[in-house]
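The values are calculated or read from the model by the stated rules, or taken from the named source; none is laboratory data. What you see is a predicted model, and the numbers here were worked out from it, not measured in a lab. Neighbour counts run over all protein chains shown; Cβ positions are idealised from the backbone, glycine included.
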Amino acid sequence: MAYAQDLSALLLSGERRHFGASPAFLKRRRLIGLVMRGILFTAAALSIFVTLGIVYVLVSESAKFFAHVSIFDFLFDTEWTPVFENPRFGIITLISGTFMSSLIALMVAVPLGTILAIYLSEYANSRVREIIKPCLELLAGIPTVAFGYFALLFLTPIFQIFIPGLSGFNLLVPGIVMGIMILPYIVSVSEDAMRAVPASLREGAYALGFSKLQTALRVIIPGAFSGVTAAYILGMSRAVGETMVVAIAAGQQARIAYNPLEGAATITAYIVQMSLGDLPHGSLAYLTIFAAGLTLFLMTFVFNIIAFWLRHKYREVY
């Protein structure tokens, strides 16, 4: 009782000091608030301006490319030879390699990430969770170049022992490594969404006789569906935009990727390949870098729109 009285007296004295503050103090406080508000607004606006600048560069340079190449040929031609004597500009070859490697990555990351998220959310105690989550975050901090050479020099020879037809440059091994790379994103976002499901739903499921696994599969995942699907699409966007792993271990031969045991070029790998070459500035081959970059930007933009739509449509407000 005495402690509560002392606390209330302290709060009242603080209010008196606040209301009895000098005009100079109040003016300085308002000035600091305005300055901080301006700094935060500038930081937020800067990200928008940078994004708009990137879009402007991609669109303006791609417009020069499409002034010489029809969009129909760009989307539906099945050959990509921009530096040959008779150039062909079928972006579908690069898109197929990008989607094939990303699909393999999702086939690895989605089941493993979902299982890990369920374990961390429903089974692991706080001590185990505090050990596993930092380890996953460390996995996300490993440079992608290291992952690329790990796939090329270590995993590929091992896989060639069990898969004799596996090429030295292929899409299978880089896809698996990319799946490991995007695990932290899927696990973290999915686990946060599952832990946001109210405990009352778990208790109701247990009262009906559900086991922990049944509760996780029939109650928790449907309740966190918007967050879980957003995690999957975030991982897909991360895999589509991955550069160094596919540039090092997947090869740079542009062709339709229907066999993951063979190498193929992706959009990001082509951009790296052309950026390191001696292409004349402003040439048609040079402009293909921006056309490919715009295609990649539109792909990731569509994935983000789908993620936003799914989260808005299936979001549960508890």
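Being in contact with a Leu (Cβ under 8 Å, 6 or more places away or on another chain) and farther than 30 Å from Tyr149 by Cα is true for just one of Ile220, Ile176. Which residue is that? Steps first, answer last, please.
Numbers: Ile176 fails: farther than 30 Å from Tyr149 by Cα.
Only one candidate passes the filter, namely Ile220.
For (1) more than 19 Å from Ala254 (Cβ to Cβ); (2) touching a strand residue (DSSP E or B) at 6+ places or on another chain (Cβ under 9 Å), each residue gets a yes or a no:
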{"position": "Lys64", "(1), (2)": "yes, no"}
{"position": "Thr81", "(1), (2)": "no, yes"}
{"position": "Ile95", "(1), (2)": "no, no"}
{"position": "Thr98", "(1), (2)": "no, no"}
{"position": "Gly113", "(1), (2)": "yes, no"}
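Take the stretch 253-287 and flag every residue that is of a type in the set (Asp, Glu) and either touching a residue at least 60 places away in the same chain (Cβ under 8 Å) or not in a loop (DSSP other than H, G, I, E, B) (or both). Don't jump to the end; show me each part of the working.
If we filter the stretch 253-287 for residues that are of a type in the set (Asp, Glu), which is where we start, we get 262, 278.
Within the stretch 253-287, Glu262 is the sole residue that qualifies.
Every residue in the stretch 97-142 that is of a type in the set (Gly, Ala, Ser) and assigned to a helix (DSSP H, G or I), please.
To start, the set of residues in the stretch 97-142 that are of a type in the set (Gly, Ala, Ser) comprises 97, 101-102, 105, 109, 113, 117, 121, 124, 126, 140-141.
Residues satisfying the conditions are Gly97, Ser101, Ser102, Ala105, Ala109, Gly113, Ala117, Ser121, Ser126, Ala140.
Quick one: count up the residues across the stretch 152-189 that are in a loop (DSSP other than H, G, I, E, B) and farther than 11 Å from Ala249 by Cα. Quick ask: steps written out before the conclusion?
As a first pass, look at the stretch 152-189 and keep what is in a loop (DSSP other than H, G, I, E, B): 163-171, 182.
With farther than 11 Å from Ala249 by Cα added as a condition, the list becomes 163-166, 182.
So the count comes out to 5.
Looking at Val240, Val245 in this structure, which one is buried (at least 22 other Cβ atoms within 10 Å of the Cβ) and of a type in the set (Val, Ile, Thr)?
Working: Val240 fails: buried (at least 22 other Cβ atoms within 10 Å of the Cβ).
Just a single option satisfies the conditions, and that option is Val245.
Would it be correct to say that Leu284 is within 30 Å of Arg88 (Cα to Cα), surrounded by fewer than 11 Cβ atoms within 10 Å (Cβ to Cβ) and either in contact with a strand residue (DSSP E or B) (Cβ under 8 Å, 6 or more places away or on another chain) or at pLDDT below 90 (or both)?
Numbers: within 30 Å of Arg88 (Cα to Cα): yes; surrounded by fewer than 11 Cβ atoms within 10 Å (Cβ to Cβ): no; either in contact with a strand residue (DSSP E or B) (Cβ under 8 Å, 6 or more places away or on another chain) or at pLDDT below 90 (or both): yes.
For Leu284, the condition - within 30 Å of Arg88 (Cα to Cα), surrounded by fewer than 11 Cβ atoms within 10 Å (Cβ to Cβ) and either in contact with a strand residue (DSSP E or B) (Cβ under 8 Å, 6 or more places away or on another chain) or at pLDDT below 90 (or both) - is not met.
Looking only at the stretch 150-166, count every residue that is surrounded by 17 or more Cβ atoms within 10 Å (Cβ to Cβ) and more than 28 Å from the chain's Cα centre (by Cα) and tell me the total.
1
Checking the condition modelled with pLDDT under 90, of a type outside the set (Asp, Glu), assigned to a loop (DSSP other than H, G, I, E, B) and more than 30 Å from Pro87 (Cβ to Cβ), which residue from Ala21, Ala4 passes?
Working: Ala4 fails: assigned to a loop (DSSP other than H, G, I, E, B).
So the residue among Ala21, Ala4 that is modelled with pLDDT under 90, of a type outside the set (Asp, Glu), assigned to a loop (DSSP other than H, G, I, E, B) and more than 30 Å from Pro87 (Cβ to Cβ) is Ala21.
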